[in-house]
Amino acid sequence: MFKLKTRILAGIAAVSISAVTVAAFAQVPSPEGPHGRVPSAEQIARFEQMRAKRQAELHDKLKITASQEAAWKLFLDKTKPAPFDPAARPSKEEFARMTTPERLDKKLEFMRKREAFAEQRVAATKEFYAGLSPEQQKTFDAEFAKMERHRFEHMRHDRKGPPHGDKPAPDASAPAAK
């Protein structure tokens with residue numbers, strides 16, 4: 001009798017785990033964006049204003065010389081965020097009609113586009129960084145670390161909780177703990 005109960009419980013557990021797994025993979029991503037809505041023209045304009053302000057501040061902190069100005073403008077052009085294109089994503093209905101392999105192929109296609117865009121940004125940043133003086137590189141490193149900490153905190157806030165306990169993002173200017 002005991003073996004029968006154990007087998008039944010094991011079977012129920014296996015079915016439950018399988019159902020949860022299937023449900024997790026069956027969720028259809030929102031075509032609008034990460035928060036389920038298309039950014040408004042006002043939000044996009046506000047983002048562009050903040051981005052222009054941060055770029056001007058970085059330009060001043062780096063003390064870009066006249067000979068570096070062309071490289072600065074090229075860097076800004078190559079690292080400009082990709083425009084949000086809702087037409088490039090399938091609608092919820094279209095996504096729901098796809099088979100699992102088709103959905104996975106579509107997701108892989110999006111990931112490859114993002115990876116190519118990231119590679120372009122990394123290459124542009126490395127090229128610009130190489131043209132900076134050692135003092136400018138140090139300033140750039142500090143500003144980039146600050147931006148990464150901000151992004152980390154923003155992502156942490158979006159997930160509604162800390163990723164690994166309540167530890168804050170590491171400070172790039174602090175010495176590494178051994």
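What follows draws every value from the coordinates through simple rules; no lab data is involved. In this text, all values refer to a predicted model and were calculated from it rather than measured experimentally.
Which ³J(HN,Hα) values, rounded to whole Hz and listed in residue order, are derived for the range 40-50 from phi using the Karplus coefficients 6.51, -1.76 and 1.60 in 6.51 cos²θ - 1.76 cosθ + 1.60 with θ = phi - 60°, glycine and proline given as x?
3J(HN,Hα) across the range 40-50, in whole Hz: 6, 4, 5, 5, 5, 4, 5, 4, 5, 5, 5.
Taking a threshold of 30 Å on the Cα-Cα distance, which of the pairs Lys92/Lys126; Lys53/Lys138; Lys53/Lys92; Lys106/Lys146; Lys73/Lys107; Lys53/Lys106 fall above it? Before the final figure, lay out each step's value.
Details: Lys92/Lys126 39 Å; Lys53/Lys138 21 Å; Lys53/Lys92 36 Å; Lys106/Lys146 34 Å; Lys73/Lys107 33 Å; Lys53/Lys106 36 Å.
Where the Cα-Cα span goes over 30 Å, the pairs concerned are Lys92/Lys126; Lys53/Lys92; Lys106/Lys146; Lys73/Lys107; Lys53/Lys106.
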